[in-house]
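Engineer: Pasting a structure here, questions to come.
Any read-out appearing in this document is the output of simple, stated calculations on the displayed coordinates, not a laboratory observation. Small disclaimer: the values here were computed from a predicted structure and weren't measured. Here Cβ is always computed from backbone atoms with ideal geometry, including for glycine, and neighbour counts include all displayed protein chains.
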Amino acid sequence: MKIGFLFPGQGSQSIGMGKDLYEKYEVVKEIYNKVQETTGIDIAKISFEGPEEKLNETKYTQLAILTESLAILEILKQNEIRAEITAGLSLGEYTALINSGVLSFEEGVKLVQKRGEYMQELLPSGDWQMAAIIGLTEEQVEEVCRKVKKGFVVPANYNSVDQIAISGEKEAVLEAEGIAKEMGAKKVIILKTAGPFHTEKLLDSSNALRKELENVTINKFNTKVIKNLDGEIYKDTDNVKDILAKHIISPVRFSKTLQNMVDNDIDTFIEIGPGKTLTGFLKRMKAQKDIRIFNINNINNLEETMSSLK
């Protein structure tokens, strides 16, 4: 059995996420308290009680998802369940880097706090939107974006073989939705995000984060991590700081990430954190080999997963 961990990104949040785990496991409570001490934000209260408008603010969303994922990781570590390769979608890459030891807990959490603040506060003015196009190839979605006549829209997240998220101005995204449906898209879903993420429009956020990264210590990898930028495993010679600065303005190559994990003989995938989005992408791949898929985001599926793996 070769285990791979997957960590979700923004859009998977919901009110009450992590609450049952917090109430049962002391180690989970410790992680939430540690994040609050590090950031000054009562992320447990925001995660468990909302309101939804507040949880959906980028500066809180990213911290809430990161905290739940890190808390679940602690339970798995205590039960000797570890991964050979890890990967995360956008924000989730930070969870993977903290888990691998490349970023310390405190610096990783502070970095995500700053990242969320910059992505929210340094947005260029405008009405921004993201949407997932289902049922078209990567090349077709790229063509859809080229055909849009009004406004800015580009592919942002290459999630799976037939699901690609686009990002840009709301008017342009809505025009792209119509074009995509004309070209045979099965569905277009508007996403719970608040900006033109993973596009050039976040250059100011990227530059601000780059300055923040100057003071961060990058440690050696304890576990292999696949980066969003190109879907390849980080090498020891990679400039992690430069990659994370570019991360905000570059498309996420997650379909390639998942294929790389399968090619590296990962046969047991565990999505750790709110939602089931990433394992949904995995199922769409129709891998040629047998794989097992688990989600952990509450007490029931945590205990079921641990029982199955033991």
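Engineer: Taking +1 at the Cβ of each Lys and Arg and -1 at the Cβ of each Asp and Glu, which of G40, I179, F281 sits farthest along the dipole of the chain towards its positive end, judged by Cα position relative to the Cα centre?
Structural biologist: The one lying farthest along the dipole's positive direction is I179.
Engineer: Kindly write out, for segment 300-306 in residue order, the coupling ³J(HN,Hα) from the Karplus curve 6.51 cos²θ - 1.76 cosθ + 1.60 (θ = phi - 60°), rounded to whole Hz, with x marking Gly and Pro.
Structural biologist: 4, 6, 5, 5, 5, 5, 4
Engineer: Another question, if that's okay. Please report the spacing between the Cα centers of segment 175-194 and segment 224-290 in Å, no decimals.
Structural biologist: One Cα centre to the other: 24 Å.
Engineer: Quick check: pseudo-label points 7 Å beyond the Cα along Cα→Cβ at S307 and K246, how many nm apart are they?
Structural biologist: Taking the two extended label points, one gets 4.6 nm.
Engineer: Cα gyration tensor of segment 241-310, axes a ≥ b ≥ c as square roots of the eigenvalues: rounded (a/c below 1.5), prolate (a/b > b/c) or oblate?
Structural biologist: Judged from the Cα gyration tensor, segment 241-310 comes out oblate (a/c at least 1.5, b/c at or above a/b).
Engineer: Cross-link list K2/K77; K147/K201; K110/K286; K45/K256: which exceed 27 angstrom alpha carbon to alpha carbon?
Structural biologist: Beyond 27 Å: K110/K286; K45/K256.
Engineer: Would you please name the GluC sites (Glu not before Pro) within segment 63-165 that are DSSP coil residues with at most 13 other C-beta atoms within 10 Å of their C-beta?
Structural biologist: Listed in order of number, the matching sites are E80.
Engineer: Still on this structure, I have one more. With springs connecting C-alpha atoms under 10 Å apart, model the chain as a Gaussian network and identify which of K19, K150, K256 has the largest mean-square fluctuation.
Structural biologist: Largest GNM mean-square fluctuation: K150.
Engineer: Sticking with this structure for a sec: Find how much the distance from E171 to D42 grows on full extension, using 0.36 nm per residue of separation minus their present alpha carbon separation; answer in nm with one decimal.
Structural biologist: 42.9 nm
Engineer: Now for a different question. Can you tell me how much longer the chain between M1 and D236 gets when fully stretched, taken as 0.36 nm per residue apart minus their C-alpha distance, in nm with one decimal?
Structural biologist: Difference between extended and current length: 82.0 nm.
Engineer: Express in whole angstrom the spacing between the alpha-carbon centres of segment 97-131 and segment 1-64.
Structural biologist: Between the Cα centres of segment 97-131 and segment 1-64 lies a distance of 14 Å.
Engineer: Sticking with this one: Given a Förster radius of 41 Å and the C-beta distance between K256 and K150 as r, what FRET efficiency does 1/(1 + (r/R0)^6) yield to the nearest 0.05?
Structural biologist: 0.85
Engineer: Continuing with this model, one more query. Output ³J(HN,Hα) for segment 63-68: one whole-Hz value per residue in order, computed from phi by the Karplus curve 6.51 cos²θ - 1.76 cosθ + 1.60 with θ = phi - 60°, and x for Gly and Pro.
Structural biologist: Per residue, the Karplus-derived 3J(HN,Hα) values read 5, 5, 5, 4, 5, 4 Hz.
Engineer: Which semi-axes, in whole Å and largest first, does the equivalent ellipsoid of segment 1-113 have when worked out from the alpha carbon gyration tensor as the square roots of 5 times its eigenvalues?
Structural biologist: With the √(5λ) rule applied to segment 1-113, the semi-axes are 21, 15, 13 Å.
Engineer: Considering the Cα trace of segment 95-215, what is its radius of gyration and what is Dmax, both in angstroms?
Structural biologist: In order Rg, Dmax, the Cα atoms of segment 95-215 give 16.3, 49 Å.
Engineer: In addition: Gain in length, E106 to E84, computed as 0.36 nm per residue apart minus the alpha-carbon separation, to one decimal in nm?
Structural biologist: Fully extending the segment from E106 to E84 adds 5.6 nm.
Engineer: Please compute the volume of the convex hull spanned by the alpha-carbon atoms of segment 123-171 and report it per residue in Å³.
Structural biologist: About 65 Å³ per residue, rounded to a whole number.
Engineer: While we're looking at this one, here's another question. If R0 is 41 Å, what FRET efficiency do you get for I299 and N222 from their C-beta distance, rounded to 0.05?
Structural biologist: Plugging the Cβ-Cβ distance into 1/(1 + (r/R0)^6) gives 0.90.
Engineer: Okay, moving on. Counting other C-beta atoms within 10 Å, which of S90, S255 has the fewest, and how do the rest follow?
Structural biologist: S255, S90
Engineer: Hey, fewest Cβ within 10 Å first, where do S307, S160, S125, S69 land in order?
Structural biologist: The fewest-first ordering by Cβ neighbours comes to S125, S307, S160, S69.
Engineer: May I pose another question? Tell me, I65, I72 in order of fewest to most beta-carbon neighbours within 10 Å?
Structural biologist: Placing the least packed residue first, the sequence is I72, I65.
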